[in-house]
Every structure is written in structure tokens, then in C-alpha cells.
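Quick notes on the structure that follows.
Each reported figure results from applying straightforward, stated rules to the coordinates on display, with no laboratory input. Fair warning: this is a prediction, and the values are worked out from it, not measured in the lab. A quick note on method: Cβ atoms are made from the backbone with ideal geometry, for glycine too, and the neighbour counts reach across all protein chains shown.
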Amino acid sequence: MPQPYKIVVIEDEEKIARMIKDYLENEGMYIFLAGGGSKGIGLIKEHSPDLLILDLMLPDMNGLDVCRTLRREGERSIPIIMLTARSQETDRVVGLEMGADDYIVKPFSLAELAARIRAVLRRTGGEQVSGSTGATGGKDETVVMKRGDLQIDVDNCSVKKGDREVDLTPTEFKILNLLARHPGRVFSRLQLLEACLGEAYSGYERSIDTHISNLRKKIEDDAANHSYIVTVFGFGYKFVDK
Ligand code: CA
């Protein structure tokens, strides 16, 4: 049996927080609750959880600030599911741009939340996040895709450029993994969003551009002259295998 997933929930509405905790603990997960952003960030540093459930509206700082702080302080690898109210559509877009992996709109069913958590953990390889057992791990087969000077390790969700480890967010990794798997094939923004975020974000297709732009900064030799991820004007993006 693997270790149970550790999840931090940052949510100031105590009733909702309790419901989430009770439900997910029944599902065999281990839950830490925080009623505010700064306490939540403390819990994340202390416990290195596999995933963060983050309410957007918090008393001390909002969810986007929490995202920003975590990304800035190097907690890049933690997958984030945002909880938002129906009216906060712009914030959702910003949330995805800040590197959140998914969001769920209140009111939501706990079964749906649990399903989303499992989907995000599956996509991001969450079981690796808390472990620091080194490179050998316990996997029998490791799938490493080689593209130009990039090595994309699909099992470990890690990427190397030459000898250098490239630090990608979970969403950036998913985009690169999808594009590089099908060199030359053009993907629309919507296709990338649906495939990488698991939902139809038809209203926010442009939010993929931010992820692509960040990804390019990390993997391209020349930020102004893209040789791996190429824009296909009027259609979307494609990966070029050098
Ligand atoms: Ca709230």
C-alpha cells in the first residue's frame, strides 16, 4: 500500500472545511485544515502535501496571493485545485495562469471534488511530490521521451535540457508532454486546455498562451526565436522535433 495522500485545505468557511475533511478522510486521504492563507502556507512548508485545495476568498490574503507566494518561494511542484464562487470567472482565468491545475465552482459535491483530486494527482504524478527518495524510485519501467536536447521523463514528470533539470509547473509539464508526444501536429488552444486541464474552458482559450510563454522561457535556447514550440498562426501550437 502506498502512503495516503496528504492534502492541505485552505478554506475559511469552517462548515465547508469540515465537510471536505470528513469526506476525504473517509476516502483514505490525510487532511490538514487552515482557515487562512498564511497558516496554510505554513502547513505546506511543514508537511509537503501532495495537493492543495485553495479557496479563492480568504480573510487574510486571497487565493491568488497564496498561489503567487508558493510559486515565488519555490513550492512549484504542488498541484492546486481552486475553489471559486460562480461569479469569479476572471479570477479563475488568473488562477489557471498562476499555475492552478483545476478549479471547482461552489457549491460542489464532495464526490466531484474527490474525483477531481484523483484526476489531478494522476495527471501530475502526485505520488512523487512528497517523496525525496532520489532518482532510482521504485518504478519498473521509465518512459523517457527524447526530443532534440530535451529529455521528458513521463513517469517522474521531470524534464532535462541537456544536463540541466528544467523546473516546470504541473500544467506546463502536461502541455509539453502532449505537444512533444505528437511532433508536427497542430493543437488548438482549446484542445490544449481540455487535454491538460481536463475540462472545456472554451471561454478562456487565451489563458493557454501564458503557460506556453512560460514554458518557452524554460526550454527554448532563444526566447525570441522558438524552435521547439512553434505558433501556427490562426490555429494554435505545434512541437517541432529537431
Ligand atoms: Ca472563503
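Overview of values
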| read-out | value |
| --- | --- |
| For MET29, MET61, MET82, order by how many other beta-carbon atoms lie within 10 Å, fewest first | MET61, MET29, MET82 |
| Theoretical gain in end-to-end length, SER213 to ALA114 [0.36 nm per residue, Cα-Cα removed] | 32.5 nm |
| Modelled FRET efficiency - R0 45 Å, HIS226 with LYS15, Cβ distances, 0.05 increments | 0.40 |
